[in-house]
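Read-outs: derived from the displayed coordinates by stated rules, not from any lab. Keep in mind that what you see is a predicted model, and the values were worked out from it rather than measured. Note: ideal-geometry Cβ built from the backbone for every residue, glycine included; neighbour counts use all protein chains shown.
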Amino acid sequence: MMRTRQESAHHVVILGAGYAGMAAAIQLAARAKRRAGVQVTVVNAQERFTERMRLHMAATGQRLAELSIPELLEGTGARFVRGWVTAVDADAKTVRIDDDRVLRYDTLVYGLGSVADTSRVPGVEEHAYTLSGAQEAELLADRLARLDGGTVVVAGSGLTGIESAAEIAERYPRSNVVLLGRAEPGAAMNPRAKAYVHAALDRLGVQVRSGVEVVKVLPGAVELAGGETIAADAVLWTSGTRVSPLAAAAGLAVDERGLVITDAALRSVSHPEVYAIGDAAAIRQGYGIMHGTCQGGMPTGVHAALSIDRSLSGRRPKPFRFGYYHTPVSLGRGDAVVQFTRPDDTPRRVRLTGRLAVRYKETVTASPWPTYGRMKKMPASGAFWPRGGRFTKIRDGR
Ligand SMILES: Cc1cc2nc3c(=O)[nH]c(=O)nc-3n(C[C@H](O)[C@H](O)[C@H](O)COP(=O)(O)OP(=O)(O)OC[C@H]3O[C@@H](n4cnc5c(N)ncnc54)[C@H](O)[C@@H]3O)c2cc1C
């Protein structure tokens, strides 16, 4: 029996069109255009691209650009499927969507990202807001707009917590913003950058309480270890992230957090026809497992696409190497700090602050979409990032 062209094509299905998934989709589709018999399908919950790096802005009522994933994919040959992935069958090599559609794949790229971890502390799921997605940010925006005053507790003093607390305090100066966390804000920065963060939060009127642990979120308050409660009209939870349970349920090898464990080429160690990228993947470098950032996530997407392209032409995929170079943090719209880092993400002495840092941060945040546009025309233009030298080299036995 003759097979149709569609049936005999090599099907690559990319799950998740976030920063990493879009990089993989555009890079692969642009390369696959020159190659007959490769069909790329991108599955994502929304048609609109979520600029996650701007969700603290969306949460304070700032309008974000309408970035359409299907429009960007136009002309690349990639197909877009809007839907919520409910299951991956790694044996049958199929993906199930919430409307019961089933997509078959030969190669899968797993890039479903991460969301705020609302599961560890009682009451977070029911009573706290998150920045897990655009809808969640809008819910907080509604609450803050109606509140315009009162106490807003931001739980978690990492970068998302700092950026959110600063943004809320700047937009709603009548609010009392309290930033709670185990570590001091900017703990991973060099002492001068950290001092800058503290001074900026202080100037904006953010009350910082470090060395505290939130053990419960109640309607209208948070409870700290030791029993103290802090009244809150709104609680934003930014402490920790978790990933979709789909990879573990599919039987892919995952770590204790559910991230897909990859080999050096970003293939699942248990299912080599599955590539894992971005926040959803546990990717080992010489300095340890990469932590979730857009900075590192986009290169993982591009690398997965390059590896698939190489495999399809009978070549061996190359090992992925990535070294960090910066930590840009906004402190409201008028201030920011950029901590430059070594490839293992430890801070260098060099930093930017003030208006220059604001401009740098905005350039970085705005860059993914135009980068995808460029890659569409010139795929090679997306294939440059710092490889990290000796920091990322994996020695034998590790
Ligand atoms: C407020 C904030 C500020 C940040 N600032 C920075 C920064 O300055 N620099 C930096 O490098 N990083 C920053 N990050 C982190 C960065 O946003 C993430 O590391 C990045 O988004 C990870 O990209 P990703 O493609 O892996 O996942 P995501 O961007 O989360 O994309 C995953 C996609 O998969 C979709 N999806 C998930 N599950 C399903 C499903 N079951 N079915 C269908 N679709 C699904 C989601 O809707 C989403 O579109 C920030 C994060 C936040 C929250």
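Using C-alpha pairs under 8 Å with a sequence gap of at least 6, the mean separation divided by the residue count of region 60-138 gives a relative contact order of 15 percent.
Extending 7 Å from Cα along the Cβ direction at Glu126 and again at Ser367 yields two label points whose distance is 4.4 nm. If we count every other residue with Cβ under 10 angstrom of Ala265's Cβ, Lys/Arg +1 and Asp/Glu -1, where does the sum land? Once positives and negatives cancel, what remains is +3.
Considering only DSSP beta bridges where both residues belong to the chain, give the percentage that are antiparallel (nearest 5).
Beta bridges within the chain, antiparallel portion: roughly 50 percent.
Counting only DSSP H runs of at least 4 residues, each contributing -39500 (n - 2.57), and dividing by the residue count of the chain, the helix-based mean residue ellipticity at 222 nm comes to -8500 deg cm²/dmol. Check cross-link reach from Lys377 to the lysines: straight Cα distance under 16 Å, and skip same-chain residues fewer than eight apart. Those lysines meeting the cut-off are Lys33. Within region 124-239, the proportion of C-alpha pairs whose separation exceeds 23 Å stands at 23%.
Would you mind telling me which residue in Ala92, Ala250, Ala58 has the biggest mean-square fluctuation in a Gaussian network model of the chain, where springs connect alpha carbons within a distance under 10 angstrom? Top of the fluctuation ranking is Ala92.
Among Thr353, Thr300, what is the fewest-to-most ranking by other Cβ atoms within 10 Å?
Thr353, Thr300
For region 213-258, the list of trypsin sites (Lys or Arg not before Pro) that fall in a loop by DSSP and count at most 14 other C-beta atoms within 10 angstrom reads Arg257.
Largest mean-square fluctuation among Leu131, Leu259, Leu218, in a Gaussian network model of the chain whose springs join Cα atoms under 10 Å apart, belongs to Leu218.
GNM, the chain, Cα, under 10 Å: largest mean-square fluctuation among Gly181, Gly314, Gly37? Top of the fluctuation ranking is Gly314.
When only DSSP loop residues count, what trypsin sites (Lys or Arg not before Pro) in region 20-58 have their Cβ near at most 15 other Cβ atoms within 10 Å?
Arg34, Arg35
Are there any GluC sites (Glu not before Pro) in region 192-298 that are in a DSSP loop and have at most 12 other Cβ atoms within 10 Å? List them by number. For GluC sites (Glu not before Pro) across region 192-298 that sit outside H, G, I, E and B with at most 12 neighbouring Cβ atoms in 10 Å, the list reads Glu228, Glu256. Neighbour counts of other Cβ atoms within 10 Å put Ile69, Ile26, Ile283 in the fewest-to-most order Ile69, Ile283, Ile26.
Counting neighbouring Cβ atoms within 10 Å and putting the fewest first, the residues Tyr129, Tyr110 line up as Tyr129, Tyr110.
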